[in-house]
1. Considering only residues of region 247-259 that are closer than 26 Å to Ala271 by Cα and small (Gly, Ala, Ser), which is least open to solvent (accessible area, probe 1.4 Å)?
2. How about region 279-298: which of its residues are under 17 Å from Thr32 (Cβ atoms) and open to solvent by less than 40 Å² (accessible area, probe 1.4 Å)?
3. Please specify each residue of region 239-277 satisfying the condition of being acidic (Asp, Glu) and either touching a residue at least 60 places away in the same chain (Cβ under 8 Å) or in contact with a helix residue (DSSP H, G or I) (Cβ under 7 Å, 6 or more places away or on another chain) (or both).
4. Looking only at region 16-59, count every residue that is among the small types (Gly, Ala, Ser), open to solvent by less than 30 Å² (accessible area, probe 1.4 Å) and over 25 Å from Met74 (Cα atoms) and tell me the total.
5. Scan region 165-177 and tell me whether some residue there is at positive phi, at pLDDT 95 or above and under 19 Å from the mean Cα position of the chain (by Cα).
6. In region 108-130, which residue that is within 14 Å of the chain's Cα centre (by Cα) and outside any strand (DSSP E or B) is nearest to Ala64 (Cα to Cα)?
7. Please work out which residue is farthest from Asp146 (Cα to Cα), limiting yourself to region 99-112 and to residues that are out of contact with any Gly (no Cβ under 8 Å at 6 or more places or on another chain) and open to solvent by 20 Å² or more (accessible area, probe 1.4 Å).
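The values are calculated or read from the model by the stated rules, or taken from the named source; none is laboratory data. All values reported here derive from a predicted model rather than from experimental measurement. Note that each Cβ is placed from the backbone with ideal geometry, even for glycine, and that neighbours are counted across all protein chains shown. In case anyone asks, the SASA skips ligands and DNA or RNA and just uses the protein heavy atoms, side chains included. Shrake-Rupley method; radii C 1.70, N 1.55, O 1.52, S 1.80 Å.
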Amino acid sequence: MTRPVVVSAYPLSPAFANWDPAVEHEVLCGLTELPGVAALEVPWIDGIHPHDSAWFLANAPAVALALTPLPFVMRRLATPGYGIASTDADGRRAAIADLRRVAADAAEIGEHSAAHVAVVELHTAPRGEADADALARSLAELGALDWSGARLVIEHCDAHVPGQTPEKGFLPLHGEISAIRASGADVGLWMNWGRSAIELRDPDAVAEQIAAAANSGLLDALVLSGASDREGPYSGPWIDAHHPFASLDPDAESLLTDDRLHAAVRAAGDAPSLGLKVSRRPDATTAAEVLRVAERHLQVLSAAAP
């Protein structure tokens, strides 16, 4: 595989929900040893680690990290007007204040662990009320902060669609692109196949949206993550549950077939990086099992992006 791959560690790790330091250590280190893996995506949930930040600083492998505060942002949506794309002044300030904490934690990771933060993901909340002009103001402010060398990217999530129940319901892609350009900040885009499928409700339309991001010149990474339109072992229909590739788990009811994976990679053009974000099978409870899941997915991704 010629392009570096960012693997999302937390949907794979059994220790994410049920804390087990030994399993977490084996998963994190094992993922870094798989062919093509250049970075790990880890969550920021009100702190460096959802269970034990001191443990993470002492045990993180020497690898680049992508920090995603999305799980934290989803919790904060209970606060009306919260988000970096909010027209509510208090809600926008609160979201920026939280990202200042992310920046401080990125610095701490770089100073006190073997890892370093290479990417920080931004998400264009609030749900159903996001505004491109407000986002542009936030990006200008965030771009002026010290991120300890990390690259800022907007991870496009499913946009608000009238009459459709959202998973995230954030800003449409064209609004995110226009806000980046208006802000003057050095911010890229990440696309996630599954989240685009949830928004569009048409898996064959996802490649076109990815191409639009690529044509903007802002696309930094395409993340391959599945979705489903029906009930299955991973979730109900149109839930952001990071379904596996259809060819690797036929029971998953995943819409991400190998043909659609190949179409997405072609649509991404020369985006510098690829990503893999899939969940472990519900019955996979050991590090060895989840590492095998990751390895098999990486092999399929490598065939699609030689």
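1. The selected residue is Ser254.
2. Ala287, Val290, Leu291, Val293, Ala294, His297, Leu298
3. Asp240, Asp258
4. 1
5. Within region 165-177, one or more residues are at positive phi, at pLDDT 95 or above and under 19 Å from the mean Cα position of the chain (by Cα).
6. His123
7. My answer is His112.
To keep it simple, each residue is scored yes or no on (1) in contact (Cβ under 8 Å) with a residue 60 or more places away in the chain; (2) on the phi < 0 side of the Ramachandran plot; (3) of a type in the set (Gly, Ala, Ser).
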residue: Val6; (1), (2), (3): yes, yes, no
residue: Pro11; (1), (2), (3): yes, yes, no
residue: Asp20; (1), (2), (3): no, yes, no
residue: Ala39; (1), (2), (3): yes, yes, yes
residue: Val42; (1), (2), (3): no, yes, no
residue: Gly47; (1), (2), (3): no, no, yes
residue: Ser53; (1), (2), (3): no, yes, yes
